[in-house]
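Every read-out reported here was derived from the displayed coordinates using simple, explicitly stated rules and does not represent laboratory data. These numbers come from a predicted model, not from an experiment. Every residue, glycine as well, gets a Cβ built from its backbone with ideal geometry; the counts of neighbours run over all protein chains shown.
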Amino acid sequence: MTTDNPSGRAPSLKNVAYGQLKQLILEGGVEPGAVLSVRQLADQLKMSKTPVQAALERMEAEDLVTFAPQQGVLVRHVSIEDIANHFEIRTALESFIVERLAGGLTDEQIQRLKANLTAQHELAQSGDVLGCVKNDTEFHLLLCEFHGNQEFAKVMHRLRDRVFQVVFRIVKQFPNRITETYEEHHKIATAIFDGDGELAAQQLVVHLQNGLKQFIPA
C-alpha cells in the first residue's frame with residue numbers, strides 16, 4: 001500500500017519513506033510490538049534519518065506506531081476492542097452508503113465495481129491472499145468514493161489501515177474466507193445494481209459480521 005501522488009511530481013523523500021514503511025508494517029514485514037530503529041530504517045531505505053523520522057511521526061498520528069520513552073518506536077498492537085470498534089463504525093457507515101447508492105450508480109461506476117469483482121474472483125481462485133485483502137479494501141473504498149462524501153472516505157482509509165495487518169494475518173490462517181468475501185461482495189453489488197437499498201444494507205451487515213467472527217468467534 002502506497003501513498004497517493006495525484007500531482008504526478010516525484011514524491012519527496014519523506015513521502016517515499018512513509019509509503020515504504022507503511023507497506024512494511026501493514027503487510028506484516030514487522031510484527032506488532034516490534035521496536036523500530038530510525039537509524040536502521042534509514043540505512044535500509046538508503047536515506048537520511050530526517051525523512052524517516054518524519055514518516056514515523058506521521059504514522060504515529062495514524063495510530064500505526066508509537067514513540068515510547070527509552071524504548072524507541074514501537075509497532076502498535078491492535079486489540080480485540082479496537083477490532084470490535086472498527087467493525088461497529090464500518091457497519092453504521094457502510095450500510096448507510098450502500099443504501100444510498102442503490103440504483104444510482106453511473107455506467108462507469110458499475111463497470112469499475114464489476115472490474116473489481118472480476119479481479120477479486122481471479123485472485124481468490126489463485127489463492128493470492130495479499131492481493132485479495134488489498135482488493136477487498138478497494139471494493140469498500142470504491143463504495144465510499146461513489147457516495148461522494150470525502151470525510152467518509154478519510155474515515156474508511158484510516159479504519160482499514162489500522163487493522164490491515166491483522167486482517168491479512170487472519171485471512172492467511174483461514175484461506176476459505178477470501179472466496180466467501182468475494183461471494184458476499186457480489187451479493188452486495190448485485191443488490192446495488194438492482195436498486196434494492198434495503199437488501200444491499202442487509203448483505204453489507206452480514207458481510208461485516210462474518211468478518212468480525214474471524215476475530216471474535218460467537
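To the nearest 10 degrees, how steep is helix 13-26 against the longest Cα principal axis of the chain, on a 0 to 90 scale?
So the helix axis and the longest Cα principal axis differ by about 60 degrees.
Give me, ordered by chain and number, the residues 5 or more places off Val65 or on other chains with an amide H under 5 Å from its own placed amide H.
Residues meeting the amide H criterion: Glu60, Arg76.
Could you give each residue of segment 144-157 its phi-based ³J(HN,Hα) in whole Hz, using Karplus coefficients 6.51, -1.76, 1.60 with θ = phi - 60°, and x for Gly or Pro?
Taking θ as phi minus 60°, the curve returns 5, 4, 5, 5, x, 8, 5, 5, 4, 4, 4, 4, 5, 4 Hz for segment 144-157.
Relative contact order, percent, of segment 80-213 when contacts are C-alpha pairs under 8 Å separated by at least 6 residues?
Reported relative contact order: 42 percent.
Which ³J(HN,Hα) values in Hz, rounded to whole numbers, follow from the phi angles of segment 126-137 under the Karplus curve 6.51 cos²θ - 1.76 cosθ + 1.60, where θ = phi - 60° and Gly and Pro get x?
Values, residue by residue: 8, x, 7, 5, 4, x, 5, 5, 5, 5, 4, 4 Hz.
Scale the Cα Rg of segment 13-75 by the rule-of-thumb value 2.2 N^0.38 Å and send over the ratio, two decimals.
0.98
Using a Förster distance of 41 Å, how high is the FRET efficiency between Gln150 and Gln40, based on the Cβ-Cβ distance and rounded to 0.05?
So, using R0 = 41 Å, E works out to roughly 0.65.
With the Cα gyration tensor of segment 80-213 in hand, convert its eigenvalues to equivalent ellipsoid semi-axes via √(5λ) and list them largest first in whole Å.
21, 18, 13
Using modelled amide H (1.01 Å from N, peptide plane; none on Pro or chain starts), what sits under 5 Å from the amide H of Leu36, excluding residues fewer than 5 places away?
When sequence neighbours closer than 5 places are left aside, the close amide H contacts are Val73, Leu74, Val75.
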